[in-house]
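Asker: Below you will find the structure I want to go over with you.
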Amino acid sequence: MLKGTNERPEVKIDWRSYTKDPSNPLIRDLIIEGLSVARTRKEECASILNSNKQNRSVLLKTLRDISNEHKNKYI
């Protein structure tokens, strides 16, 4: 839970984790206000594939472009 203030409302955040090694749990998904980040990303990928005749090369290029945009934004 992200506590609310006078400037912003409270935000409910949950996460799903998994682990093969109990000393190193990994976050698998974030659920923000009931919306799954993993499900949203999966639906975006499916949409890209459906719009491009299931061409995985287009999907990979799109993911690389998004990754590079984020990398350049925070460098």
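Asker: Has the stretch 47-55 got at least one residue that is assigned to a helix (DSSP H, G or I) and within 16 Å of the chain's Cα centre (by Cα)?
Answerer: For the stretch 47-55, residues assigned to a helix (DSSP H, G or I) and within 16 Å of the chain's Cα centre (by Cα): present.
Asker: Cβ-Cβ distance below 6 Å, separation of 6 or more or different chains: which pairs start in the stretch 35-53 with a residue that is within 15 Å of TRP15 (Cβ to Cβ) and end on one that is open to solvent by 60 Å² or more (accessible area, probe 1.4 Å) and at pLDDT 95 or above?
Answerer: Partner pairs satisfying both residue conditions: VAL37/LEU30.
Asker: Additional query: Based on what the data block shows, is ILE32 open to solvent by 60 Å² or more (accessible area, probe 1.4 Å) and of a type outside the set (Lys, Arg)?
Answerer: On the way: open to solvent by 60 Å² or more (accessible area, probe 1.4 Å): yes; of a type outside the set (Lys, Arg): yes.
In short, yes.
Asker: Residue under question is GLY34, and the condition is that it be among the small types (Gly, Ala, Ser), on the phi > 0 side of the Ramachandran plot and out of contact with any helix residue (DSSP H, G or I) (no Cβ under 8 Å at 6 or more places or on another chain); does it hold?
Answerer: Yes, satisfied.
Asker: Would you say LEU60 is open to solvent by less than 100 Å² (accessible area, probe 1.4 Å) and more than 15 Å from the chain's Cα centre (by Cα)?
Answerer: yes
Asker: Moving to a separate point now. Criterion first (loosely packed, with under 10 Cβ neighbours inside 10 Å, without any contact (Cβ under 8 Å) to a residue 60 or more places away in the chain, within 16 Å of the chain's Cα centre (by Cα) and at negative phi) does SER23 satisfy it? I'd like the intermediate steps shown before the answer.
Answerer: Numbers: loosely packed, with under 10 Cβ neighbours inside 10 Å: yes; without any contact (Cβ under 8 Å) to a residue 60 or more places away in the chain: yes; within 16 Å of the chain's Cα centre (by Cα): no; at negative phi: yes.
No; evaluated as a whole, the condition is false for this residue.
Asker: List the number of the failed condition for GLY4; all other conditions in (1) in a strand (DSSP E or B); (2) in contact with an Asp or Glu (Cβ under 7 Å, 6 or more places away or on another chain); (3) modelled with pLDDT under 95 hold.
Answerer: GLY4 satisfies all of (1) in a strand (DSSP E or B); (2) in contact with an Asp or Glu (Cβ under 7 Å, 6 or more places away or on another chain); (3) modelled with pLDDT under 95 except (1).
Asker: Another question about this same structure. Quick check on this structure: which one of ASN50, ASN72 is modelled with pLDDT of 95 or more and of a type outside the set (A, V, I, L, M)? Talk me through it step by step, then tell me what you get.
Answerer: Details: ASN72 fails: modelled with pLDDT of 95 or more.
Residue meeting the stated conditions: ASN50.
The values are calculated or read from the model by the stated rules, or taken from the named source; none is laboratory data. Just so we're clear, the structure is a prediction, and the values are computed from it rather than from any experiment. Quick reminder, even Gly has a Cβ in these numbers, built from the backbone with ideal geometry, and neighbours come from all protein chains shown. Surface areas here come from the heavy atoms of the whole protein model, side chains and all, with no ligands, DNA or RNA. Shrake-Rupley method; radii C 1.70, N 1.55, O 1.52, S 1.80 Å.
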